[in-house]
Amino acid sequence: MELTGSQHPETLWIGCSDSRLQTGHITQAKAGELFIQRNIGNIVPIHDWNFATVLEYAVLHLKVKDVVICGHSNCGAIRALDKESTDSYIPLWLNNAREAKERVDAKIKPPTTLAEKDERYRLIEHENVRLQIEHLYTYPLLKKAVDEKRVEVHGLYYDLTNGLLSRVK
């Protein structure tokens, strides 16, 4: 593939900024195969100009066929949902994921052991992928592309401990 002239990725990859994640390594994708949007918590913010321009360019101009939201284990953004913060911007950003935490906490009893706490975070990480897919569908151009079967949306989860990439249902 000639990379200097143009790009023709088939997938828009929305992932976390976590430095432990190397998208090409996770997916075995070569240069030019993924159009990538990374941010803290693999979030799809509603009414965000930066995200909207990435999505619009990917769907309308690059004509990607797939949009992937990929969460991961041991996500610092998800764990930060439980902490009070004096930061200026991070808590505002994480409000885009807070509903995932609330959904999980409404379904399970409060964890008492370390294993239960880890399982709770895993559940929230998965639920956050589902929530961000819901956010994705608030963008009319994405919904139209899906309805017209030009684009498919996928939720994935990467486990840092074992390197497994799995589908979030």
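The values are calculated or read from the model by the stated rules, or taken from the named source; none is laboratory data. All values derive from a computational prediction rather than experimental measurement. Using ideal geometry, Cβ is built from the backbone for each residue, glycine included, and neighbour counts are taken over all protein chains shown. Just so you know, the surface numbers come from the protein's heavy atoms only, side chains and all, with ligands and any DNA or RNA stripped out. Shrake-Rupley method; radii C 1.70, N 1.55, O 1.52, S 1.80 Å.
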Practice item. Would you kindly give the portion of the calculated P(r) for the range 71-169 that falls above 21 Å, as a percent of all Cα pairs? Key: 42 percent
Point to revise | Candidate aspartates and glutamates - alpha carbon under 12 Å from K149, same-chain residues fewer than 8 apart omitted | key: D66
Check your understanding: Computed over the Cα atoms, what is the radius of gyration of the range 29-77 divided by 2.2 N^0.38 Å, N being its residue count?
Key -> 1.25
Point to revise | Relative contact order (percent, whole number), the chain, Cα cutoff 8 Å, 6+ residue spacing | key: 27 percent
**Study point:** Calculated from backbone phi, Karplus (6.51, -1.76, 1.60) coupling profile of the range 159-169 in Hz, x at Gly/Pro
**Key:** 9, 5, 6, 10, x, 7, 10, 10, 7, 9, 9
Point to revise | the chain: calculated mean residue ellipticity at 222 nm from DSSP helix runs of at least 4, using -39500 (n - 2.57) | key: -11000 deg cm²/dmol
Review point. Counting pairs of alpha carbon atoms under 8 Å apart in space and at least six apart in sequence, what relative contact order in percent does the range 100-169 give?
Key: 26 percent
Review point. So which of K65/K169; K30/K143; K30/K144 end up more than 24 Å apart by C-alpha?
Key: K30/K143; K30/K144
Exercise for review: Give the carbon-plus-sulfur fraction of the accessible surface of the chain in %, rounded to a whole number; probe 1.4 Å, heavy atoms of protein chains only.
Suggested key: 54 percent
**Study point:** Calculated SAXS-style log₁₀ I(q)/I(0) at q = 0.09, 0.11, 0.14 Å⁻¹ - the chain, Debye, Cα scatterers
**Key:** -0.31, -0.47, -0.74
Exercise for review: Would you please name the trypsin sites (Lys or Arg not before Pro) within the range 37-124 that are DSSP coil residues with at most 16 other C-beta atoms within 10 Å of their C-beta?
Suggested key: K63, K65, K83
Practice item. Give the share of C-alpha pairs in each 5 angstrom bin for the range 117-169, from 0 to the last occupied bin, in whole percents, shortest bins first. Key: 4, 18, 22, 21, 14, 10, 7, 3, 0
Point to revise | 1.4 Å probe accessible area per residue over the range 127-169, in Å² | key: 57 Å²
